[in-house]
Amino acid sequence: MSFLASHETSPIAPPATLFFGGRVRTVDSLNSVAEAMLVIGNRVAAVGTPQECREAALKLTTAVPDVVDLRGRTLVPGFIDPHAHPLMYGQLLSWVDCGPEAAPDIPTMLELLAKAAADNPGDTPIRGYGYEHRNLAEQRHPTRQEFDKVSTTREVYVMNASGHGGVVNSYVLAKAGVDRETPNPPGGTFFRDADGELTGELSDAACDILTGDEGVKLGHHGPNFHLGDSKEHHRAQLLHAQREFLSHGVTTIGDAQVTKREFGAYLDLVERGELVTRINAYFLSSLLDEVLELGLVDKFGDSLLSFAGIKLYADGTLGGWTAYFPEGYRDDPCRTGSLYHEPSEYRALVAKAHNAGLQTATHAQSPTAIQLVLDAVSEALSVSPRADHRHRIEHCGLPTLEQIEQMAELGIMPVNQPQHYYNWGPGVTDAIGSPGERFNPLGEFVAAAVPVTMSSDAPVADPRPLEAIQTSVTRKTRSGVQLGSDDLKIDVVEALRAHTINGARAMGREKDLGSLEPEKLADFVLLAADPLEAPEGDISGIEVLETWVNGVRVYAG
């Protein structure tokens, strides 16, 4: 049994709550299970037996604890999602759902978009999200000519499920002055048919044309999903997203692409007292010089909103076929994807951030892109050694075994998304063949002593940690098919740690978050069943009953 040091008490006794009558999965170094937990104020004060927690309450506070009977249910630490895009997620929740269940084919997608246009007359943009061309009956992307049937006088845009591009109508291209002679921007593509005519599909840096004259421009520093809305729209979108995260037990989020748009929206919620989930902001690499000029090289912010590091991109996405495979994709050898930066430029960005003491988090999917990250970090460490740098590779979908060993040697942390495998695993093998069966090789990371960390990448997948945990344990896709061998799986203990304490470590927050131990912040989730005892195929169906942040219940199902 352990409890909070007595010097943490204050002259005014803070509220205290005793939880007992169920299981408390502490996710500490011993993966302990306790019978009770005492919370005083916004901190965990003690874990142990009910009697031990009552004795701790007498020592630590004069307040009489409220009592919560868990009734046989299970407490776990608040889930941590170290790579997501909350504002983008909230924005897309207000768009037309063009995912496979809503729009299995292009005519149905056009009907949904046309209805949205009819329901919103005027010049309001018509936007949709969630399509994946391999999930459409036609097995292809829509075209601008098809979207022109929805409107020729205002924007029509449907974002690919990956978030790295989509399809627009002719109006968008004409308004931006893009025609068949327009060169592709560095790090992006305006796709063309066999005759050289624009198809309407665009990816990554080409999405800059969607943000308007005053919008956020990213160039080749990342895919541009930063579409401008009003301040009030951003507030509503962020609040909607926050409710969704909390309803699935997520209490801390790493926003993996922050620009002035996102940061301004968070500050607005803080000012209004409406921000509940903890946000760790990774500013986009296009802002690196501004970050350094402002001196944001030490911890900045508080336990609710803080600056975490720099987000970079090495290549694109497997879902949109923009991840870099120089040998080409299986069904389209001429389509190779792309690197966002020339290797020398990328190495310089990593070195600049590393030398300033900043953590970097680089999106990299293909072996070529992953090697670019490994080489850059290795070079930066050779010049400026730092034992606990915590540089990250986001997604890290298809590393070779040799690259995994190199990650272990360099201390690089992958941040994976098992739900991508769950939702689109077969699409990866369709794209690149049988090597895609190793997508998200979590078991190989564990075997190499590389810590496994999981996230949703919302809105690419919904923020459902229990779904991610189940997928990492079973390796089964939405259709129930297991891709890859059993040695790619991890056990449920590792999976729970991946979405809690390892997520905290990935953001440098493990002293305060990620486990239920004395002196840590009281962020936790009440589950209807114990994920470590449930049949592995039933984990995702466990109900999230309550979510607590700072010792306060902020969601009840």
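The values are calculated or read from the model by the stated rules, or taken from the named source; none is laboratory data. Source: prediction; values computed, not measured. Positions of Cβ are backbone-derived with ideal geometry, glycine not excepted, and every protein chain shown enters the neighbour counts.
Scanning the range 12-44 for residues that are assigned to a loop (DSSP other than H, G, I, E, B), farther than 22 Å from VAL276 by Cα, among the small types (Gly, Ala, Ser) and touching a residue at least 12 places away in the same chain (Cβ under 8 Å) gives ALA13, SER32.
Do the conditions hold for SER203, that is, is it buried (at least 18 other Cβ atoms within 10 Å of the Cβ) and under 22 Å from the mean Cα position of the chain (by Cα)?
On the way: buried (at least 18 other Cβ atoms within 10 Å of the Cβ): yes; under 22 Å from the mean Cα position of the chain (by Cα): yes.
Judged against the criteria, SER203 is a match.
Answer yes or no as to whether LEU372 is assigned by TED's automatic domain parsing to the domain that holds SER338 and in a helix (DSSP H, G or I). Spelling it out, LEU372 is indeed assigned by TED's automatic domain parsing to the domain that holds SER338 and in a helix (DSSP H, G or I).
If you go through the range 123-178 and pick out every residue that is charged (D, E, K, R), in contact with a Ser or Thr (Cβ under 9 Å, 6 or more places away or on another chain) and either within 19 Å of ASP105 (Cα to Cα) or not in a loop (DSSP other than H, G, I, E, B) (or both), you end up with 4.
If I ask for residues that are among the aliphatic types (A, V, I, L, M) and without any contact (Cβ under 8 Å) to a residue 60 or more places away in the chain, which ones from the range 466-494 would you list?
The first filter runs over the range 466-494 and keeps only residues among the aliphatic types (A, V, I, L, M), leaving 466, 468-469, 473, 481, 483, 488, 490, 492-493.
Within the range 466-494, ALA468, VAL481, LEU488, ILE490, VAL492 meet the criteria.
Within this structure, ALA387 passes the test of being surrounded by fewer than 21 Cβ atoms within 10 Å (Cβ to Cβ) and at pLDDT below 95.
Is one or more of the residues making up the range 260-277 under 16 Å from the mean Cα position of the chain (by Cα) and either among the acidic types (Asp, Glu) or closer than 21 Å to ASN42 by Cα (or both)?
If we filter the range 260-277 for residues that are under 16 Å from the mean Cα position of the chain (by Cα), which is where we start, we get 262, 277.
The next check asks that each one be either among the acidic types (Asp, Glu) or closer than 21 Å to ASN42 by Cα (or both); those that pass are 262, 277.
There is at least one residue in the range 260-277 that is under 16 Å from the mean Cα position of the chain (by Cα) and either among the acidic types (Asp, Glu) or closer than 21 Å to ASN42 by Cα (or both).
Just wondering, is there one or more residues in the range 112-122 that are in contact (Cβ under 8 Å) with a residue 12 or more places away in the chain, crowded, with 24+ Cβ neighbours inside 10 Å and not in a loop (DSSP other than H, G, I, E, B)? Within the range 112-122, one or more residues are in contact (Cβ under 8 Å) with a residue 12 or more places away in the chain, crowded, with 24+ Cβ neighbours inside 10 Å and not in a loop (DSSP other than H, G, I, E, B). Screening VAL452, VAL473 for residues that are farther than 27 Å from LEU92 by Cβ, among the hydrophobic types (A, V, I, L, M, F, W, C) and touching a Leu at 6+ places or on another chain (Cβ under 7 Å) leaves exactly one candidate, VAL452.
Mind listing whichever residues of the range 406-420 are assigned to a loop (DSSP other than H, G, I, E, B) and either surrounded by fewer than 24 Cβ atoms within 10 Å (Cβ to Cβ) or in contact with a Pro (Cβ under 9 Å, 6 or more places away or on another chain) (or both)? Before the answer, list the steps.
So the first thing to find is which residues in the range 406-420 are assigned to a loop (DSSP other than H, G, I, E, B), and the list is 411-412, 417.
Within the range 406-420, just GLY411 meets the criteria.
If you filter the range 90-99 down to residues that are in contact with a strand residue (DSSP E or B) (Cβ under 8 Å, 6 or more places away or on another chain) and farther than 17 Å from VAL168 by Cβ, you find that the one that is surrounded by the most Cβ atoms within 10 Å (Cβ to Cβ) is GLY99. Residues that are buried (at least 19 other Cβ atoms within 10 Å of the Cβ), over 14 Å from THR189 (Cβ atoms) and out of contact with any strand residue (DSSP E or B) (no Cβ under 6 Å at 6 or more places or on another chain) within the range 303-346 comprise LEU318, GLY319, PHE325, HIS341, TYR346, listed in sequence order. Please verify whether VAL150 is under 27 Å from ALA241 (Cα atoms) and at pLDDT 95 or above, treating the condition exactly as stated. No, not satisfied. Take the conditions (1) part of a helix (DSSP H, G or I); (2) surrounded by 19 or more Cβ atoms within 10 Å (Cβ to Cβ); (3) of a type in the set (S, T, N, Q); SER378 misses just one of them, which is (2). Checked against the criterion of being crowded, with 18+ Cβ neighbours inside 10 Å, at pLDDT 95 or above and not assigned by TED's automatic domain parsing to the domain that holds ASP457, the candidates VAL270, VAL250 yield just one match: VAL250. Considering the conditions (1) free of Cβ contacts under 8 Å to residues at least 60 places away in the same chain; (2) at positive phi; (3) not small (Gly, Ala, Ser), LEU410 is excluded by exactly one of them, (2).
Restricting the range 52-90 to residues that are part of a helix (DSSP H, G or I) and under 33 Å from the mean Cα position of the chain (by Cα) leaves a set whose member that is modelled with the lowest pLDDT is MET88.
Considering only residues of the range 495-535 that are touching a residue at least 40 places away in the same chain (Cβ under 8 Å) and in contact with a helix residue (DSSP H, G or I) (Cβ under 6 Å, 6 or more places away or on another chain), which is farthest from SER472 (Cα to Cα)?
Keep residues of the range 495-535 that are touching a residue at least 40 places away in the same chain (Cβ under 8 Å), which gives 495-509, 512-532.
Applying the additional criterion that residues be in contact with a helix residue (DSSP H, G or I) (Cβ under 6 Å, 6 or more places away or on another chain) yields 495, 499, 513-515, 531-532.
On the way: ALA495: 7, HIS499: 11, LEU513: 22, GLY514: 19, SER515: 20, PRO531: 13, LEU532: 13 Å.
That would be LEU513.
Whenever a residue of the range 184-196 is closer than 12 Å to GLY165 by Cβ, its partners that are among the hydroxyl-bearing types (Ser, Thr, Tyr) and part of a loop (DSSP other than H, G, I, E, B), lying with C-beta atoms within less than 8 angstrom and at least six residues away or across chains, give the pairs GLY187/SER338; GLY187/TYR340; GLY188/SER338; THR189/THR322; THR189/SER338; PHE190/THR182. In the range 196-224, the residue that is modelled with the highest pLDDT out of those that are touching a strand residue (DSSP E or B) at 6+ places or on another chain (Cβ under 7 Å) and hydrophobic (A, V, I, L, M, F, W, C) is LEU198.
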